[in-house]
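Taking it in order: structure first as structure tokens, then the write-up.
The values are calculated or read from the model by the stated rules, or taken from the named source; none is laboratory data. Every value quoted in this text rests on a predicted model; they were computed, and no experiment measured them. Using ideal geometry, Cβ is built from the backbone for each residue, glycine included, and neighbour counts are taken over all protein chains shown. Surface accessibility is based on the protein's heavy atoms, side chains included, excluding ligands, DNA and RNA. Shrake-Rupley method; radii C 1.70, N 1.55, O 1.52, S 1.80 Å.
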Amino acid sequence: MNDIELPIITRSRLIDDLQRLGVLPGQVIELHASVKAIGWVVGGPDMVLQALLDTLTSEGTLMMYAGWEDSPYQFPDWSREKQKAYLEECPPFDPTTSRAYRKWSILNEYLRTRPGAQRSAHPDGSFVAIGSLSRWITENHPLQYGYGTGSPLAKLREAGGKVLMLGAPLGTITLLHYAECLANIPNKRVVNYRMPVLREGKRVWIDIEEYDTSRGIVDWHGGDYFDAIAREYLLSGKSNSGKVGAAQSYLFDANDLVKFGIRWMERAFGDSV
């Protein structure tokens, strides 16, 4: 389907749809979105962000996972030639200029470059935020186990925030990485990797340890367990659902979803070896 065939969606309609879904002034929202799922937005993707910010007002906060487009997370799997070129001339991660990881949504880069946006300093797991709590959410992001205690995800929960899915796959809910960190499960899978960062004007390589956010903390026969957790949570009836534009959308309570995710993982993975 090309853009001309997509349903025409205006900013005013987005605001009405968001309000019906339960997005309110002053909330802290983590956004996951597919712009194409929403429709042909008059004014382009920026209007999705603007509709959210208008709905949240200056008292609210909007955040997204940003990551880093040029992250060498998969460095060990690269060819020797590619590794050599990267080591010789790779730019270090700079939270003020490094591009957001576009695989998840084009909106994270749109949000990163908006005036007043703040970004956390984790080279692979950075978050970007704008609004009243944006500085607090993004400051002091731990480099080790950066989705756990002290992370922007932990602060989303602490602030009584929400997770907003606008046509995005349920398996992409990054908040469940925080539940992975908190769940009491034996033998969680851990990864170690190196990242180049900018420190005092120079490129410095740092070592990072993290629970495996790519393959999961354990092997699970059911496939994508984030998707399974979210779908089971939806059956509980605790989330709000509806259409925003043409996108099937959901609004989850962050604290309740984390607690549900922890219980689910401990039940499903408690006997992991």
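Listed by chain and number, the lysines whose C-alpha is less than 18 Å from the C-alpha of LYS162, apart from same-chain residues fewer than 8 away, are LYS238, LYS243, LYS259.
In percent, rounded to a whole number, the relative contact order of region 1-144 is 25, using alpha-carbon pairs under 8 Å and six or more apart. Counting only Cβ charges, +1 for Lys and Arg and -1 for Asp and Glu, the dipole size of region 90-176 around its Cα centre is about 200 debye. Once the Cβ-Cβ distance of LYS82 and ARG263 is raised to the sixth power relative to R0 = 30 Å, the FRET efficiency obtained is 0.10. Ligands, DNA and RNA left out, the accessible area of region 116-273 computed with a 1.4 Å probe is 46% carbon and sulfur. Annotation: amide H-H contacts under 5 Å for ILE9 (H modelled 1.01 Å from N, sequence separation of 5 or more, or interchain): TRP40, VAL41, VAL42. In terms of packing, defined here as the mean over residues of other Cβ atoms within 10 angstrom, the peptides 24-37, 210-223, 116-129 line up highest first as 116-129, 24-37, 210-223. Under 5 Å between amide hydrogens, built in the peptide plane, is the criterion, and for VAL28 it picks out THR61, LYS162 among residues at least 5 positions away or on other chains. Taking amide H as placed 1.01 Å from N in the peptide plane, the amide H of ALA121 sits under 5 Å from that of HIS141, each at least 5 places away or on another chain. Looking at the chain alone, DSSP beta bridges between its own residues are antiparallel in about 70 percent of cases. Cross-link partners for LYS103 among the lysines, with Cα-Cα distance under 19 Å and sequence neighbours closer than 8 places in the same chain left out: LYS36.
A 1.4 Å probe run over the protein chains yields, for the chain, 48 Å² of accessible area per residue, whole-number rounding. Secondary-structure-derived ellipticity at 222 nm for the chain, considering helices only, amounts to -9000 deg cm²/dmol, per-run term -39500 (n - 2.57) for DSSP H runs with n ≥ 4. Evaluated with a Cβ-only charge set (Lys, Arg +1; Asp, Glu -1), the chain carries a dipole of roughly 200 debye about its Cα centre, given to the nearest 20.
In terms of its alpha-carbon gyration tensor, region 211-273 comes out prolate; a/c meets the 1.5 threshold, and the first ratio a/b outweighs b/c. Rounded to two decimals, the Cα radius of gyration of the chain over 2.2 N^0.38 Å is 1.01. The HN-Hα couplings worked out from phi for region 63-71 by the Karplus form 6.51 cos²θ - 1.76 cosθ + 1.60 (θ = phi - 60°) are 9, 9, 5, 10, x, 8, 4, 9, 4 Hz, whole numbers, x standing for Gly and Pro. The label point for ASP94 and the one for ARG194, both projected 7 Å from the Cα toward the Cβ, are 2.2 nm apart.
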